[in-house]
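The values are calculated or read from the model by the stated rules, or taken from the named source; none is laboratory data. Model, not experiment: these values are computed from the prediction. FYI the Cβ positions are ideal-geometry reconstructions off the backbone, even for glycines, and counts take in every protein chain you see.
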Amino acid sequence: MIIFVEIYRSVKILFSDNVLSGLLNFRGAIIESFFKQGHQVTLVAPQDPLADMTKIPVGARYIPVEMSRTGTNPVEDWSYYRALKRIYREERPDYIFHYTIKPNIYGSIAAHKLGIRSSAMIAGLGHAFSEGGLKNRIARNLYRWAMRYPEHILVLNRDNYDLLIEKNVVKQEKLILLEGGEGVDLTQFAPQPMPKHKKPVFLMIARLLYEKGYAEYVTAAEALKDEAEFRLMGSLDTHPSAVQPEELERDKKIITYIPHTPAVAVQIADADCVVLPSYHEGFSRVMMEGAAIGRPLIATDIAGCREAIDERKNGFLVKPRNTESLVEACRAFIALTHEQRVQMGEESRRKAERVFDLREVERVYANLI
C-alpha cells in the first residue's frame, strides 16, 4: 500500500501597499493567518502615523519605503520603482501580493523583472477609469501594461471585473472575483445588542474625502438634526478630494466628529445605523463590519456598496451624489420601531455570515501561493 504524505513547506510572503495603515486594517487578518501557518511575512509600505503597529505580528518584518501616493512626478515614481526592486531583490520572497495603483503597477513590473511570482488586487478603479484627462489616460495605459505580469488579479466586485475585461486591461483567465470582498472576521465583529438612544444614531466611517459622500452626509445631518444624531469617524487626508480642516471645524457644529481610532467595532456597536454615501468603492469594509455586528445599513446604490444591502431587509440604498435621497432613507430609518431596527440588524448579520466570512478569502489566498 502506498501512503501519500503532504509535505508542508514554509514560504516567504511579501505584502506591498501604498499605506501601512490600509495594509494592516484591510489585510491584517490575512497577514496574521499566513504568519500563524508558519510562513515568513514581510510588509512593505510607506511609514504612516495612523498605522497601529501592534497589528504587525511579532516576528513579521516591516520595511518602510518612500512613495508619493497621489503625486504624478515621474522622477519620484521611478525612485519608488527602484526602491521596490532593490527590496524585492534583497528579500527574495516566494510570492508578493500587491495592492493599490502604484504598488500594482511598479511592484508588478519589479517582481516580473526579478522572476518573482506575484498577484495584484484592484480594489476599486477610482478616477483612472471613471474620468477623462491626460493623467487618467496615462494611468489606464500603465495599468494595462503592468497587469500583464502578475499571475492573478483579484477584484472585489462584478462591475470592476466586467469593466477590466471590457477595457482590455486584464485577460479574463487571470481575474479572480472575491464575491464577498476581502471578508471580515465574524468573531472579532460579533453581533451586539441594538442600543436604545433617545434619538437614533447614524455613523459614517470613512476617510474625510468629498467622494466618500462627506458633503451629502453633513447636509443630511443638518436637515435632520432635531430627529437624529449624526456621527462621523475618520481622519483628514492629503488626497485631492480631501475635506479641509477648517471646513471640518465648521461642520462639527452639525455632526459629532470622532477622530480615527482602532476601536471601530466599539463605535459601530454604539450606533443604530451605519451610513456610507460614497461615490465609488471597491467593496466597502465598513458595510461588512456593520453587517457583522448586526446593524442596519444605508449606502449608495453603486458597486462595492449595494452588495451589502438587501433593500428594506437590512437597509436602504440611495442615489449617489443625491442628498435628498440620503435624507429620505434616513427618515425611513428614523420612522422604524426599535423592534424593526433589531430585525434589520439580524438580517445584516445573516447576510455577513452567508457572504462576508473571512475564511473564504483565506482559502483563496492559500490557493494562490
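Among the residues that make up the range 215-232, is at least one of them in contact with a Ser or Thr (Cβ under 6 Å, 6 or more places away or on another chain) and part of a loop (DSSP other than H, G, I, E, B)? The answer is no, given that none of the residues of the range 215-232 is in contact with a Ser or Thr (Cβ under 6 Å, 6 or more places away or on another chain) and part of a loop (DSSP other than H, G, I, E, B). The single residue among Gly304, Gly282 that is in contact with a Ser or Thr (Cβ under 7 Å, 6 or more places away or on another chain) and at pLDDT below 95 turns out to be Gly304.
Looking only at residues of the range 226-240 that are farther than 16 Å from Tyr279 by Cα and modelled with pLDDT under 95, we find that the one that is surrounded by the most Cβ atoms within 10 Å (Cβ to Cβ) is Gly234.
Per the listing Glu151, Glu166, the residue uniquely outside the structural domain of Phe283 (by TED's automatic domain parsing) and free of Cβ contacts under 8 Å to residues at least 40 places away in the same chain is Glu166.
Here's the yes/no breakdown for (1) touching a strand residue (DSSP E or B) at 6+ places or on another chain (Cβ under 6 Å); (2) closer than 20 Å to Gly282 by Cβ:
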site: Phe189; (1), (2): no, yes
site: Ala206; (1), (2): yes, yes
site: Ala215; (1), (2): no, no
site: Ala221; (1), (2): yes, no
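So if I check each of Pro74, Pro103, Pro49, which one is over 23 Å from Leu358 (Cα atoms), exposed (fewer than 13 other Cβ atoms within 10 Å of the Cβ), under 20 Å from the mean Cα position of the chain (by Cα) and not assigned by TED's automatic domain parsing to the domain that holds Arg285? Before you say what the answer is, go through the steps one by one.
Numbers: Pro74 fails: under 20 Å from the mean Cα position of the chain (by Cα); Pro103 fails: exposed (fewer than 13 other Cβ atoms within 10 Å of the Cβ).
Going through Pro74, Pro103, Pro49 in turn, the sole match is Pro49.
Checked against (1) at pLDDT 90 or above; (2) more than 16 Å from Pro150 (Cα to Cα); (3) not charged (D, E, K, R), Asn73 meets all criteria but (1). For first residues located in the range 340-354 and over 11 Å from Asp310 (Cα atoms), partners that are in a helix (DSSP H, G or I) and not small (Gly, Ala, Ser) and lie 6+ apart or on another chain with Cβ distances below 9 Å form the pairs Arg341/Phe333; Gly345/Ile293; Arg349/Ile293; Ala352/Met288; Ala352/Glu289; Ala352/Ile293. Taken as a whole, the range 207-219 holds no residue that is within 22 Å of Gly294 (Cα to Cα) and among the small types (Gly, Ala, Ser). Here is a check on your reading of the model: is Ala120 small (Gly, Ala, Ser) and either surrounded by fewer than 23 Cβ atoms within 10 Å (Cβ to Cβ) or not assigned by TED's automatic domain parsing to the domain that holds Leu164 (or both)? The answer is no for Ala120.
Considering the conditions (1) in the same structural domain as Gly290 (by TED's automatic domain parsing); (2) closer than 30 Å to Glu339 by Cα, Gly183 is excluded by exactly one of them, (1).
Residues that are aromatic (Phe, Trp, Tyr): find the strands (runs of 3 or more DSSP E) completely inside the range 1-113 holding 3 or more of those. Before the answer, list the steps.
Working: elements: 12-16, 40-45, 61-64, 95-99.
Because the criterion is at least 3 residues that are aromatic (Phe, Trp, Tyr), the strands (runs of 3 or more DSSP E) in the range 1-113 that meet it are 95-99.
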